[in-house]
Amino acid sequence: MHRVADDCYLEAMKHGVDLLKTVSLPLAHGYSLPATADMISRARQIGLEVDMDERCIRKQMITFSGLLIRKRSPWLKKCSSILWDIRKYVVHQIPGGMMSNLERQLSDLKLMHKLPEVLEEAGRVRQDLGYPVMVTPYSQLVGVQAVFNVVEGERYRTVPEELKLYVRGAYGKPAAPMIPMPSTGFWRAGIGNRSTHQRISRKLW
């Protein structure tokens, strides 16, 4: 959740939420959940009482940290990588679950070095599409198109049928106006035949 979740949890506590799902600090943040110790500290900062066994929490932190160090886990190195730059995350907003799949797929294709470029392109694609909320299926539409654009070296050279449906309006009205790019040919292809779109959209929903 790229540390943005910490602030979301804080706001939730301010509005009366008293049950939060957290994990031990060595396994927290990134694609995971906020850290238990951090949330205890934040809860007390806003005047809330917390009744938890903090000695047990510290013991868990030491245990998991030791395991990561002994296994030389790459997780320890990711803390300084591009994935943790919150400003970049705010632009592309790729969800944690999809991010891990994206990493695995790029790694299988031996294109892991392209990940920063794909994330940057995902931000541009999201802007092109009117800033869809990055949940299923919109996050997949944005992420897949970003990979195509980067790997093929040409924007919108390949466009999945699902994205063409999105442009035609089958997924509803976007949050902001889409940015037309006539030079790519994508938007002309996306408009398509209205009656055909209506038949397809009925099946889609």
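The values are calculated or read from the model by the stated rules, or taken from the named source; none is laboratory data. Since the model is a prediction, treat every value here as computed from it, not as a measurement. Glycine gets a Cβ as well: all are built from the backbone with ideal geometry, and neighbour counts include every protein chain shown.
If I ask for residues that are touching a residue at least 60 places away in the same chain (Cβ under 8 Å) and in a loop (DSSP other than H, G, I, E, B), which ones from the range 1-60 would you list? Quick ask: steps written out before the conclusion?
Residues of the range 1-60 touching a residue at least 60 places away in the same chain (Cβ under 8 Å): 1-4, 30-32.
Result: MET1, HIS2, ARG3, GLY30, TYR31, SER32.
If you go through the range 30-65 and keep only what is more than 17 Å from ASP6 (Cβ to Cβ) and touching a Ser or Thr at 6+ places or on another chain (Cβ under 6 Å), you end up with GLN60, PHE64.
Taking first residues from the range 82-108 that are within 21 Å of GLU152 (Cβ to Cβ) and partners that are in a helix (DSSP H, G or I) and modelled with pLDDT under 80, no Cβ contact under 7 Å between residues at least 6 apart in sequence or on separate chains turns up. If TRP205 satisfies all but one of (1) modelled with pLDDT under 90; (2) under 19 Å from VAL4 (Cβ atoms), what's the number of the condition it fails? Of everything listed in (1) modelled with pLDDT under 90; (2) under 19 Å from VAL4 (Cβ atoms), TRP205 misses just condition (2). Residue selection: LEU115 satisfies the criterion of being closer than 30 Å to VAL142 by Cα and at pLDDT 80 or above.
Contact map, the range 161-187: residues that are surrounded by 18 or more Cβ atoms within 10 Å (Cβ to Cβ) and in a loop (DSSP other than H, G, I, E, B) paired with residues that are at pLDDT 85 or above and hydrophobic (A, V, I, L, M, F, W, C), Cβ distance under 9 Å, separation 6+ or inter-chain. Pairs shown: TYR171/LEU141; TYR171/LEU165.
Test of understanding: among GLY47, GLY66, which residue is over 26 Å from the mean Cα position of the chain (by Cα) and either modelled with pLDDT under 85 or in the same structural domain as MET134 (by TED's automatic domain parsing) (or both)?
On the way: GLY47 fails: either modelled with pLDDT under 85 or in the same structural domain as MET134 (by TED's automatic domain parsing) (or both).
The conditions single out GLY66.
Taken over the range 134-160, the criterion of being part of a loop (DSSP other than H, G, I, E, B) and either acidic (Asp, Glu) or touching a Gly at 6+ places or on another chain (Cβ under 8 Å) (or both) is satisfied by GLU154, TYR156, VAL159. Scanning the range 96-123 for residues that are surrounded by fewer than 17 Cβ atoms within 10 Å (Cβ to Cβ) and among the charged types (D, E, K, R) yields GLU103, ARG104, ASP108, LYS110, LYS114, GLU117, GLU120. Among the criteria (1) part of a helix (DSSP H, G or I); (2) among the aromatic types (Phe, Trp, Tyr); (3) under 17 Å from the mean Cα position of the chain (by Cα), the one TYR131 does not fulfil is (1).
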